[in-house]
Amino acid sequence: MSIPRTVYKMQATGNDFVVYADPRGDLEPTADQVRWLCDRHFGVGADGVIRLTHPADVSDLNQEQVDACDRFGCQWFMDYRNADGSLAQMCGNGTRAVTLFAQKQGLTPTMEGSSFLLGTRAGVKRIVSRSPMKCDGEHVFKVKVGAWRLGSVGQQLVDGEVLRGSAPGTLVDMGNPHAVVLASAAAELETEGLPGTVTDLLSRADLPDLGDLDLSAPPRVRPGLAEGQNVEFLRLDALNTDNGSGRASMRVYERGVGETLSCGTGLCASGVLLRALTGVDHWTIQVGGGSLKVDVDPKDVWLTGPARMVARLTLENIPGC
């Protein structure tokens, strides 16, 4: 058997995961098992599967990646797989969900201000507890998602058969790849007061309102990346350059999954683009699963949001066992 019979359902702003601990390193899931677990009709239902294990027990890591975890003193690794069974480099919401899971398993402290070092395929991340546990089980964490890389603004064309329009996109690397689209601005924003970089992208966007976008099929990105990319669509809701803060709303199509209620690295990529367009560092971004904070500086991005444990589950008739 390559997955345990007891697993846990976790969610972080509606981005949901099947999570389990594998301290001995002998419970690596197959792609078929991941697809079954994530199936919302025939399995548990999730956007992805997270196996919490030791870095040396992750089969696709090379020795350099394992040694990097050792140098940081990082004992645990987030072995994350998309719903289609493919490997993923990083998941910002997943880091919060699996940290809460680790706390409940007694693997890391739970007090406010405590931190957890977590290995990912995009490097070691530090997750800090930002609040005591609430009565409904919610716990807020701040994640240093880390370094970002911004491509040429507006140089991609994002369209598709079901999008009913097109808009310029911008590639952002957060350890995993994103194409971010500034699709619209809130009606109450006075466009003449917006930075020229914002009005330029808005003038080139021809898409329905954010809530009317059809994301039932993968958006097309040209030129895109050979391995694919997540695609984020943004609406600029408010901008206050005096105090360096702004608000936006986001929808996302995740490669290997489809549209999800939230995407942590997609939120960070969105914050990176918004900062490049406006000079504003601090963003509150609304997604289908809730509201999160994104803080960007010239080198790094931080993501702050909640996570919850939903259920402890006993599996029956596991495929391949």
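The values are calculated or read from the model by the stated rules, or taken from the named source; none is laboratory data. Remember, it's a predicted structure, so these values are computed and weren't measured experimentally. Glycine gets a Cβ as well: all are built from the backbone with ideal geometry, and neighbour counts include every protein chain shown. Areas reflect the complete protein model, heavy atoms only, side chains present, ligands, DNA and RNA absent. Shrake-Rupley method; radii C 1.70, N 1.55, O 1.52, S 1.80 Å.
A few notes on this one:
- In region 121-134, residue farthest from Cys268 (Cα to Cα) [restricted to those that are more than 15 Å from the chain's Cα centre (by Cα), open to solvent by less than 50 Å² (accessible area, probe 1.4 Å) and free of Cβ contacts under 8 Å to residues at least 40 places away in the same chain]: Ser131
- Test result for Arg312, touching a Phe, Trp or Tyr at 6+ places or on another chain (Cβ under 7 Å), more than 17 Å from Gly211 (Cα to Cα), charged (D, E, K, R) and in contact (Cβ under 8 Å) with a residue 12 or more places away in the chain: yes
- Restricting attention to region 83-119, the residues that are open to solvent by 10 Å² or more (accessible area, probe 1.4 Å), under 17 Å from the mean Cα position of the chain (by Cα) and not hydrophobic (A, V, I, L, M, F, W, C) total 4.
- Neighbours by Cβ (under 7 Å, 6+ apart or cross-chain): first from region 18-45, over 13 Å from Thr6 (Cα atoms) and open to solvent by less than 10 Å² (accessible area, probe 1.4 Å); second assigned to a helix (DSSP H, G or I) and not acidic (Asp, Glu): Gly45/Cys38
- Options Gly113, Gly119; residue that is part of a loop (DSSP other than H, G, I, E, B) and more than 18 Å from Val34 (Cα to Cα): Gly113
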